[in-house]
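Written out below as structure tokens is the structure these notes cover.
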Amino acid sequence: SNEDANFEHDVANAAILKLTTELAFVEKTLAGASSGEGAKDLQVGEQVRAGRSDELLVDKLFANDIARFARGAEECYEKQQFRDALIQAWDMLQHSRDRYRGMTASMGGMHSELLRDFIRTQTLLLAPICPHYAEHVWHLLGYSDSIMRAAWPKLPDVDPVLVRVSVYLDKVVPDLRAAVDRLRGKKEAPAGTIWVGTEYLDWQQATLKVLAARASQGAPFDK
């Protein structure tokens, strides 16, 4: 950020520590991979899966989050809102990756292709702000040319339905964990059941039908 407070020693040291921790994650994830132009594969450093990258819902959510926050960073860069660009490119993507890692821990781990795409995309997004870090990671990914010559990432369209699912999980998962922690204080937490509704309630369906009818007629919505 370009705010004065972020030039303090404590803030700077904290930022360096975050980058150092992330660099250790990237190096561990890419350790032992074969050399070649962009040919590095993910290895055992981080538990990963192969196969289809859209097999699980969590895979789809993570891929959609990468596109969503990357587009958010791109828009902020275009407006020269560098602090907000950093939030999208770093904080939001880190949160999404950490959530994905936790959710896939019992599913065989994160998907190797998605994880590589995450590292590549985030590195490109951070290059304008952290060029030395980005250059180092870019070569770890197997590219021989400088990241300064790389093209901006091509981003797929963002799925608004998956965004709603992602936002909902951000709310419900901490609530479930808190409930389990409360139970553990009293007795062993039993297995839980999550009920998912397949359709809206009757009053919600009626409301949506009225709104859809007015929208199809081009009528305004009264408050």
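The values are calculated or read from the model by the stated rules, or taken from the named source; none is laboratory data. Everything numeric here is computed off the predicted structure, so don't read it as measured data. Note: ideal-geometry Cβ built from the backbone for every residue, glycine included; neighbour counts use all protein chains shown.
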Of all residues making up the stretch 170-193, the number that are of a type in the set (Asp, Glu) and surrounded by 10 or more Cβ atoms within 10 Å (Cβ to Cβ): 2
Going by the conditions given, is LEU162 aliphatic (A, V, I, L, M) and surrounded by 10 or more Cβ atoms within 10 Å (Cβ to Cβ)? yes
How do the pairs read when you match residues in the stretch 199-222 that are acidic (Asp, Glu) with residues anywhere that are loosely packed, with under 10 Cβ neighbours inside 10 Å, using Cβ under 7 Å and keeping only pairs 6 or more apart or on different chains? none
The stretch 194-208, residues that are surrounded by 10 or more Cβ atoms within 10 Å (Cβ to Cβ) and in a helix (DSSP H, G or I): GLN204, GLN205, ALA206, THR207, LEU208
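Residue by residue, here is whether (1) of a type in the set (Phe, Trp, Tyr); (2) more than 26 Å from VAL165 (Cβ to Cβ); (3) at pLDDT below 90 holds:
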{"residue": "LYS186", "(1), (2), (3)": "no, yes, yes"}
{"residue": "ALA189", "(1), (2), (3)": "no, no, yes"}
{"residue": "THR193", "(1), (2), (3)": "no, no, yes"}
{"residue": "GLU199", "(1), (2), (3)": "no, no, yes"}
{"residue": "GLN204", "(1), (2), (3)": "no, no, no"}
{"residue": "LEU208", "(1), (2), (3)": "no, no, no"}
{"residue": "PRO220", "(1), (2), (3)": "no, yes, yes"}
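Against the condition farther than 25 Å from ARG49 by Cα and either hydrophobic (A, V, I, L, M, F, W, C) or touching a residue at least 40 places away in the same chain (Cβ under 8 Å) (or both), how does LEU162 come out, does it pass?
no
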Need the failing condition index for GLY218 against (1) exposed (fewer than 11 other Cβ atoms within 10 Å of the Cβ); (2) under 30 Å from ALA63 (Cβ atoms), just the number. (2)
Residue in the stretch 117-126 that is farther than 27 Å from LYS28 by Cβ and either out of contact with any helix residue (DSSP H, G or I) (no Cβ under 9 Å at 6 or more places or on another chain) or among the basic types (Lys, Arg) (or both) present: no
Listed by range, helices (runs of 4 or more DSSP H) wholly within the stretch 63-182 having at least 2 residues that are within 30 Å of GLY197 (Cα to Cα), touching a Phe, Trp or Tyr at 6+ places or on another chain (Cβ under 9 Å) and not small (Gly, Ala, Ser) are 93-103
Suppose we filter SER112, SER144, SER96 for residues that are exposed (fewer than 11 other Cβ atoms within 10 Å of the Cβ) and touching a residue at least 12 places away in the same chain (Cβ under 8 Å); which single one remains? SER144
